[in-house]
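Here's the structure we're looking at; comments come further down.
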Amino acid sequence: MKIKLKFYVFFIITSVFTSSNLIYSESASEKAVFHRNHIIKILREIKPSVLNFPCDPLPECLPTNPEERIKNPGFHVSMYRKAKNLYQEGLVYLFEKNYVNAYSKFLESQSVIDKLLESLSQVYIDRAELMFREAIEKKNPNEPNDMSLVDISMDYGPNSKARRDFARPREIPVDLRRYDPRNFHWSVNKYNIEQATQKGYEYLGLAKEARKKAIEIDKEASKTKVLSPDSLVKRINYYLKSIEHCKQVKKNAEFVFGLKYPYDNYPLHNQFGKTEKIDDREGEIPSLHGVKMNWSKNPYVLPKNLHPIFDFRVPEKWHVDTADALGLVFEDEFDVMIKFRYYKNNKPPVEILEDKSPPKPQRPLPDT
């Protein structure tokens, strides 16, 4: 009898604890703290992306007058500021221990972030796809030594005539070379170019899939007319994952450009800052983002760990993307490394021969 009684007592106690766990719900303070931490993490993470891509398409979406940009900085920047202001209001309520209002403001901020990321993620996918398409095509259609990915795979495969000519022993100077030595890098880099292309498009597929999942959550919410806070967080995380995959796509595209055009960074090594003299073309000092100088004397050019803003192998219009893929703000990198904004006594260490870079606002663009 005593054994049965003990069993019943144990069963009742276990049932009470189990049921209490099932009906447990988070308090307003716990929800507010969770969403506060989620928002501040996102705001930090996406700030470079918002500043690099304030609207779409760039640069047509921005006012030509630099002073007008202060009033109209772009859709993404405006939404970012709105989300940040709502977050600040919620933070004040949180510090006042008014958890209900804090939670409400944080949800408003997340809703704005959600709309921002919906637009920003599509911009990332479009730019990443276009950048990679250009990476595998010819950079200069009029250049006879330029090649697309398909041409490289066909002409420099394992059994191709070009590779046989490269490996063919010859007696110098009697036996003449049967190939242009400037084309040798195609066979050396062929495999890596193909692998980087495959990996880049794999990431692009993952980016599209992540954004598709986020959109599907929106469709599910349209049936019930209500999007729960957990679904909102889940959708935001999918958008962030899509953007992160796109950054990997751009890194692979940058790698493909570097493998295809290894000689384009010659001005960074030449003591005169000029391009290489090839055939009947004389070397010249190239301009980068409208600025012309002796690039070999720029103190920030370190070929061993080359900053993407100096990479002549990648077309200039994609330098925003290569800098963004590293979490950098392109405008800041340009002002520091090419315009020498913070250099001592405002005296640039290298003479700027020509400056046709776009004008900037006289007063800095406010963040809030």
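Filter region 59-71 down to residues that are touching a helix residue (DSSP H, G or I) at 6+ places or on another chain (Cβ under 9 Å) and more than 16 Å from Pro359 (Cβ to Cβ), then give me how many there are.
Step one: of region 59-71, the residues touching a helix residue (DSSP H, G or I) at 6+ places or on another chain (Cβ under 9 Å) are 61-63.
Then keep just the ones that are more than 16 Å from Pro359 (Cβ to Cβ); that gives 61.
Here the count works out to 1.
Do we have Lys190 as assigned to a helix (DSSP H, G or I) and within 36 Å of the chain's Cα centre (by Cα) here?
Yes: the conditions hold for Lys190.
From the list Glu244, Glu284, which residue is out of contact with any Pro (no Cβ under 8 Å at 6 or more places or on another chain) and closer than 24 Å to Val50 by Cα?
Numbers: Glu284 fails: closer than 24 Å to Val50 by Cα.
Step by step, each of Glu244, Glu284 is checked, and only Glu244 is out of contact with any Pro (no Cβ under 8 Å at 6 or more places or on another chain) and closer than 24 Å to Val50 by Cα.
Would you tally the residues in region 154-183 being of a type in the set (S, T, N, Q), surrounded by 13 or more Cβ atoms within 10 Å (Cβ to Cβ) and part of a loop (DSSP other than H, G, I, E, B)?
Here the count works out to 1.
Would you check which residues across region 260-309 are touching a His at 6+ places or on another chain (Cβ under 7 Å) and farther than 19 Å from His185 by Cβ and list them? First the steps, then the outcome.
First, the residues of region 260-309 that are touching a His at 6+ places or on another chain (Cβ under 7 Å): 262, 296, 300, 303, 308-309.
Across region 260-309, the qualifying residues are Ser296, Tyr300, Pro308, Ile309.
Would you confirm, using the coordinates I've provided, whether Ile217 is among the β-branched types (Val, Ile, Thr), modelled with pLDDT of 95 or more and in contact with a helix residue (DSSP H, G or I) (Cβ under 7 Å, 6 or more places away or on another chain)?
Taking the combined requirement at face value, the residue does not satisfy it.
What tally of residues in region 102-140 results from selecting those that are more than 21 Å from Ala207 (Cα to Cα), in a helix (DSSP H, G or I) and either free of Cβ contacts under 8 Å to residues at least 24 places away in the same chain or under 19 Å from the mean Cα position of the chain (by Cα) (or both)?
So the count comes out to 3.
Here's a check for you: in region 127-152, which residue that is surrounded by fewer than 17 Cβ atoms within 10 Å (Cβ to Cβ) and in contact with an Asp or Glu (Cβ under 8 Å, 6 or more places away or on another chain) is modelled with the lowest pLDDT?
In this case the residue turns out to be Asn145.
Can you confirm whether region 353-360 contains a residue that is surrounded by 15 or more Cβ atoms within 10 Å (Cβ to Cβ), in contact with a Gly (Cβ under 6 Å, 6 or more places away or on another chain) and in a helix (DSSP H, G or I)?
No, the conditions are met nowhere in region 353-360.
Given (1) modelled with pLDDT of 90 or more; (2) within 20 Å of the chain's Cα centre (by Cα); (3) surrounded by fewer than 17 Cβ atoms within 10 Å (Cβ to Cβ), where does Leu328 come up short, assuming only one miss?
(3)
Inspect region 293-306 for any residue being surrounded by fewer than 17 Cβ atoms within 10 Å (Cβ to Cβ), part of a loop (DSSP other than H, G, I, E, B), hydroxyl-bearing (Ser, Thr, Tyr) and without any contact (Cβ under 8 Å) to a residue 40 or more places away in the chain and give the result as yes or no. Full working, then the answer.
Step one: filter region 293-306 for residues surrounded by fewer than 17 Cβ atoms within 10 Å (Cβ to Cβ), giving 297, 299-300, 302-306.
Now restrict to residues that are part of a loop (DSSP other than H, G, I, E, B): 299-300, 302, 306.
From the residues that got through so far, the ones that are hydroxyl-bearing (Ser, Thr, Tyr) too are 300.
With the extra rule that they be without any contact (Cβ under 8 Å) to a residue 40 or more places away in the chain, the set shrinks to 300.
Within region 293-306 (the criterion being surrounded by fewer than 17 Cβ atoms within 10 Å (Cβ to Cβ), part of a loop (DSSP other than H, G, I, E, B), hydroxyl-bearing (Ser, Thr, Tyr) and without any contact (Cβ under 8 Å) to a residue 40 or more places away in the chain), the answer is yes, since at least one residue qualifies.
The values are calculated or read from the model by the stated rules, or taken from the named source; none is laboratory data. Predicted model, so just to flag it, every value in this text is computed and none were measured. Because the Cβ atoms are built from the backbone with ideal geometry, glycine has one as well, and the counts that use them run over all protein chains shown.
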